[in-house]
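Structure, as structure tokens:
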Amino acid sequence: MMVPPIAPLTGVALRGICTAVPSGVARTADYTLLTEAERAKFAAGTGIEQRRVAAAGQYTSDLCIAAAGELLARLDWDKASVQALVMITQTGDHPVPATAIIVQHKLGLPTSCAAFDINLGCSSYPYGLAVLGSMMRTLGLRRALLLVGDVSTRLCSYNDKSSWPLFGDAGSATALELDEAAAPIHFDLNSDGAGKDAIIVEAGGLASRKPATADGFAEVELAPGIARHPSHLQLKGADIFSFAIGAVPPSIRRVLARAGWELDSVDHVVLHQANKMINDFIRKKVGYPADKAIGTLKDYGNTSSVSIPLTLCAGASALADGGRVLLCGFGVGLSWASATLVLEAGTVLHLFDSDHVY
């Protein structure tokens, strides 16, 4: 059966993005479970030289609140004008309640503001734009905030060299506003739960399939340099590589076709910052030049859900004049999504440090 293409999102403008990162830095060169030669090989293959790590007592909500507060101030938006807040994270402050509702209160947004969480990882940003933008159009919500963030380092065991040196922490806020003059945003959204075990945290809360037990926090050595317990993140790098290079290029081609864009007309490309090897392979397979790709792996690593908005903010100087931007997120789920976005010149894009706890 032929599946009809997703309709574009119209009449919704992206006014700005702010991303907050903790000041704490973890350097690949300091990771003791790798030899000096292994560290050099890891940095060359992944592109990761350092990452940001949340301070003790600092959580996803703290980073997203910092980002949202900064964004509201830069846009000079009245908090009372924000009618919806959607937060995408896989490292919420509590299993219950939704972190978005906690953030709504701490930000001082009105109780009339609809707030809820979405549990999604690397594909979060295109999905978030689609969900929140569609909600705004359907319900007539004039202004809304999309918060995307994770403290992924909390999920990783220092003793697991397959995951610990990869991930960094960050929180972002994106401001959306109804505007009939806004350029349409086109999407390609996909899911395949058959690959759920490629990136997974097996154990969890009392209602999970594998509740954490008193003796379940003892790390078990599974291979040299790989020790963890069931509440730690497990990553099958080879499976993710095969998935990404097979699924992402067709998704990018589909969304370009829906937008009516030629690849040469794209000004900038922002992929989920998985690792250098994967992203370079995708770039070559799709066929866009390296100078169109904006990346942040070197300084921030893989920041999971927040890697796309973080990278957009880090590329503020390159994006100052606006232009056509191609986005693609892919990973845990398995889930992958692409979007075409026209940024206006002068769109607020700001990346900053924050260790504040709210």
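Overview of values
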{"quantity": "Residue satisfying all of: in the stretch 1-43; among the hydroxyl-bearing types (Ser, Thr, Tyr) and either free of Cβ contacts under 8 Å to residues at least 40 places away in the same chain or farther than 22 Å from VAL53 by Cα (or both); surrounded by the most Cβ atoms within 10 Å (Cβ to Cβ) among these", "calculated": "THR10"}
{"quantity": "Residues within the stretch 227-281 that are open to solvent by less than 40 Å² (accessible area, probe 1.4 Å), of a type in the set (Phe, Trp, Tyr) and under 30 Å from THR91 (Cβ atoms), tallied", "calculated": "1"}
{"quantity": "Residues of the stretch 70-116 that turn out to be without any contact (Cβ under 8 Å) to a residue 40 or more places away in the chain and either acidic (Asp, Glu) or closer than 26 Å to ARG154 by Cα (or both), as a count", "calculated": "14"}
{"quantity": "Extreme residue, nearest to HIS94 (Cα to Cα), among residues of the stretch 24-62 that are in contact with an Asp or Glu (Cβ under 6 Å, 6 or more places away or on another chain) and among the small types (Gly, Ala, Ser)", "calculated": "SER61"}
{"quantity": "Search result, residues across the stretch 46-103 that are touching a Phe, Trp or Tyr at 6+ places or on another chain (Cβ under 6 Å) and of a type in the set (A, V, I, L, M)", "calculated": "ILE65, ALA98, ALA100"}
{"quantity": "When residues of the stretch 297-318 are limited to those that are part of a loop (DSSP other than H, G, I, E, B) and touching a residue at least 40 places away in the same chain (Cβ under 8 Å), the one nearest to the chain's Cα centre (by Cα)", "calculated": "THR303"}
{"quantity": "SER61 vs. criteria in contact (Cβ under 8 Å) with a residue 24 or more places away in the chain and in contact with a Gly (Cβ under 9 Å, 6 or more places away or on another chain)", "calculated": "yes"}
{"quantity": "Long-range neighbours under 6 Å by Cβ, at least six apart or interchain, first residue under 14 Å from GLN90 (Cα atoms) within the stretch 187-214, second among the charged types (D, E, K, R)", "calculated": "GLU202/LYS210; ALA203/LYS210"}
{"quantity": "Exclusive hit being within 13 Å of the chain's Cα centre (by Cα) and of a type outside the set (S, T, N, Q), set PHE330, PHE281", "calculated": "PHE330"}
{"quantity": "In the stretch 24-58, the residues that are farther than 17 Å from LYS298 by Cβ and in contact with a strand residue (DSSP E or B) (Cβ under 6 Å, 6 or more places away or on another chain)", "calculated": "ALA54"}
{"quantity": "Residue within the stretch 61-72 that is open to solvent by 40 Å² or more (accessible area, probe 1.4 Å), over 17 Å from the mean Cα position of the chain (by Cα) and more than 29 Å from LEU141 (Cβ to Cβ) present", "calculated": "no"}
{"quantity": "Whichever residue in the stretch 282-291 is under 23 Å from PHE42 (Cα atoms) and among the aliphatic types (A, V, I, L, M) and, among such residues, is most open to solvent (accessible area, probe 1.4 Å)", "calculated": "ALA290"}
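The values are calculated or read from the model by the stated rules, or taken from the named source; none is laboratory data. Nothing here was measured: the structure is a model prediction, and the numbers come from that model. For neighbour counting, all protein chains shown are included, and Cβ atoms are generated from backbone atoms with ideal geometry for every residue, glycine included. We work out accessible area using only protein heavy atoms, side chains counted, and drop any ligands, DNA or RNA first. Shrake-Rupley method; radii C 1.70, N 1.55, O 1.52, S 1.80 Å.
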